[in-house]
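Written below as C-alpha cells is the structure these notes are about.
The values are calculated or read from the model by the stated rules, or taken from the named source; none is laboratory data. In this text, all values refer to a predicted model and were calculated from it rather than measured experimentally. Here the Cβ positions follow ideal geometry from the backbone for every residue, glycine too, while neighbour counts run over all protein chains shown. Note: accessible area is taken over every heavy atom of the protein model, side chains too, but ligands, DNA and RNA are not part of it. Shrake-Rupley method; radii C 1.70, N 1.55, O 1.52, S 1.80 Å.
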Amino acid sequence: MNQPIGVFDSGYGGLTVLREIVRKLPQYDYVYLGDNARTPYGTRSFDTVYQYTLECVRHLFDRGCRLVILACNTASAKALRNIQQLDLPALAPDRRVLGVIRPTTEVIGTYSQAGHVGILATRGTVTSESYLVEIAKFFPELNVVQEACPMWVPLVENGEYASPGADYFVKQHIDRLMEKSPAIDTLLLACTHYPLLLEKIRQAAPPNVTILSQGNIVAERLADYLLRHPEIEEQCSKQGRRTFLTTDSAADFDRQATVFYGEPVRSVHLAL
Ligand code: DGL
C-alpha cells in the first residue's frame with residue numbers, strides 16, 4: 001500500500017528540509033506538496049495560513065499519508081496547533097501532523113555558549129511568537145531575539161538569492177538583529193527558504209556566530225520520532241518513492257526546485 005510521508009511547504013523552501021530527511025531516512029516514500037500558487041504565506045493572516053495549510057494537509061491525507069510534516073515555519077506557527085487540536089480528532093485521529101518549530105526549539109540551547117540566540121524568520125513567524133514560547137519551555141535561561149526579514153522569501157522565490165541585490169537586504173537584517181543583542185553567538189534560520197541565502201548570511205554575520213539551518217535538525221528529530229512511535233512508523237510505506245506536487249506550474253517548479261533539493265525533480269500540477 002502507498003502510504004508516503006507527506007512534506008508540505010508554501011513553495012520551494014520545504015525542499016531544503018525534505019533533502020535532509022531523505023538523506024537521513026531514504027527508505028521511506030515521500031510526497032512533497034508546494035503551494036506555489038499561493039506563496040508567500042509569511043505575510044498572510046493567521047486564518048488564511050490555517051485554511052491554506054489545512055487544505056493541503058487534507059489532500060496529503062487523501063493520498064494516503066499517515067504522517068505529514070509541515071516543513072514551513074509560518075504554517076507550523078500559525079496552523080499546526082489548530083490542526084492538531086481542532087481538526088485531527090474529527091478528521092483523522094489515527095494520523096499525525098508535525099511541524100519544524102518544536103524539533104528545533106528542543107535542541108537550540110545546546111548550540112549557544114553565550115546563551116544568546118537570534119531567530120531570523122518571516123513576519124508571520126515572528127509575530128506569532130511561537131519560537132519565544134517554545135524555547136522558553138526547553139531553555140528558560142536562553143536570551144532570544146527575533147528579526148523579521150520580509151524581503152528574503154521573495155528574493156529566494158524569484159531566484160535572486162545569489163544576486164548582488166540580495167546582499168543589501170541580508171546585511172540590513174543581520175545588522176538590525178546584532179544591534180538588538182550584540183552577544184548573540186547562534187543564529188537560527190527559522191524559515192525553510194533561508195538556507196539558500198546561507199553564504200550571504202555568513203558574510204554579513206560576525207565570524208564567531210554559528211548559523212543553524214533546520215533541515216538536518218528536523219531530519220534527526222524525525223528519525224527519533226519514528227523510533228519512538230512504531231505504530232506510525234509501521235504504517236509508512238518503504239519503497240524509496242518520491243512524488244512532487246505543486247499548485248502552480250510544474251514546469252516552473254522543476255526549473256527552480258533543483259537548487260533547493262540538490263537534484264532534479266519531476267513534479268505534477270495539483271489543482272486544489
Ligand atoms: N518557507 C516558509 C517558512 O519556513 C515561509 C515562506 C513563505 O512566506 O511562504 O516560514
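Output the residue which, of all residues in the stretch 43-85 that are open to solvent by less than 40 Å² (accessible area, probe 1.4 Å) and in contact with a Pro (Cβ under 7 Å, 6 or more places away or on another chain), is farthest from Tyr194 (Cα to Cα).
Selected residue: Gly64.
Can you tell me which of Cys65, Cys56 is part of a loop (DSSP other than H, G, I, E, B), within 30 Å of Ala271 (Cα to Cα) and among the hydrophobic types (A, V, I, L, M, F, W, C)?
Cys65
Is there a residue being in contact with a Lys or Arg (Cβ under 7 Å, 6 or more places away or on another chain), of a type outside the set (S, T, N, Q) and touching a residue at least 60 places away in the same chain (Cβ under 8 Å) anywhere in the stretch 71-94?
Within the stretch 71-94, not a single residue is in contact with a Lys or Arg (Cβ under 7 Å, 6 or more places away or on another chain), of a type outside the set (S, T, N, Q) and touching a residue at least 60 places away in the same chain (Cβ under 8 Å).
What's the number of the only condition in (1) part of a helix (DSSP H, G or I); (2) in contact (Cβ under 8 Å) with a residue 60 or more places away in the chain that Asp224 fails to meet?
If we test Asp224 against (1) part of a helix (DSSP H, G or I); (2) in contact (Cβ under 8 Å) with a residue 60 or more places away in the chain, just (2) comes out false.
Given the residues Leu189, Leu142, Leu155, Leu177, which is the only one that is modelled with pLDDT of 95 or more and within 19 Å of the chain's Cα centre (by Cα)?
From the options Leu189, Leu142, Leu155, Leu177, the qualifying one is Leu189.
Could you grab me the full set of residues in the stretch 144-168 that are of a type outside the set (Asp, Glu), closer than 21 Å to Tyr131 by Cβ and either within 16 Å of the ligand (Cβ to nearest atom) or assigned to a helix (DSSP H, G or I) (or both)?
If the condition is that a residue be of a type outside the set (Asp, Glu), closer than 21 Å to Tyr131 by Cβ and either within 16 Å of the ligand (Cβ to nearest atom) or assigned to a helix (DSSP H, G or I) (or both), then Gln146, Ala148, Cys149, Pro150, Met151, Trp152, Val153, Val156 are the ones that fit.
Looking only at the stretch 199-217, how many residues end up being touching a strand residue (DSSP E or B) at 6+ places or on another chain (Cβ under 7 Å), part of a helix (DSSP H, G or I) and of a type in the set (A, V, I, L, M)?
Counting residues in the stretch 199-217 that are touching a strand residue (DSSP E or B) at 6+ places or on another chain (Cβ under 7 Å), part of a helix (DSSP H, G or I) and of a type in the set (A, V, I, L, M) gives 1.
Please work out if Leu54 is over 29 Å from Glu147 (Cβ atoms) and more than 12 Å from the ligand (Cβ to nearest atom).
Here the answer is no, as Leu54 does not meet what is asked.
Which is open to solvent by 30 Å² or more (accessible area, probe 1.4 Å) and farther than 23 Å from Ser76 by Cα, of Arg241, Arg228, Arg221?
Every option except Arg241 fails the conditions.
Could you please let me know if Asn82 is polar (S, T, N, Q), more than 10 Å from the ligand (Cβ to nearest atom) and modelled with pLDDT under 95?
Taking the combined requirement at face value, the residue does not satisfy it.
Does Thr39 fit the bill of being open to solvent by 10 Å² or more (accessible area, probe 1.4 Å), modelled with pLDDT under 95 and either on the phi < 0 side of the Ramachandran plot or within 11 Å of the ligand (Cβ to nearest atom) (or both)?
When the stated conditions are applied, Thr39 passes them.
Here are some residues: Ile119, Ile135, Ile101. Which one is surrounded by 20 or more Cβ atoms within 10 Å (Cβ to Cβ), over 30 Å from Gln3 (Cα atoms), β-branched (Val, Ile, Thr) and within 16 Å of the ligand (Cβ to nearest atom)?
Ile119
Say we look at the stretch 105-116 and pick out the residues that are in a helix (DSSP H, G or I) and more than 19 Å from Ile174 (Cβ to Cβ); which of these is most open to solvent (accessible area, probe 1.4 Å)?
Out of the qualifying residues, it is Thr110.
Within the stretch 197-221, which residues are in contact with a helix residue (DSSP H, G or I) (Cβ under 6 Å, 6 or more places away or on another chain) and farther than 30 Å from Lys171 by Cα?
Arg221
Test each condition in (1) within 11 Å of the ligand (Cβ to nearest atom); (2) closer than 15 Å to Ile108 by Cβ; (3) among the acidic types (Asp, Glu) for Glu141 and report the one that comes out false.
(1)
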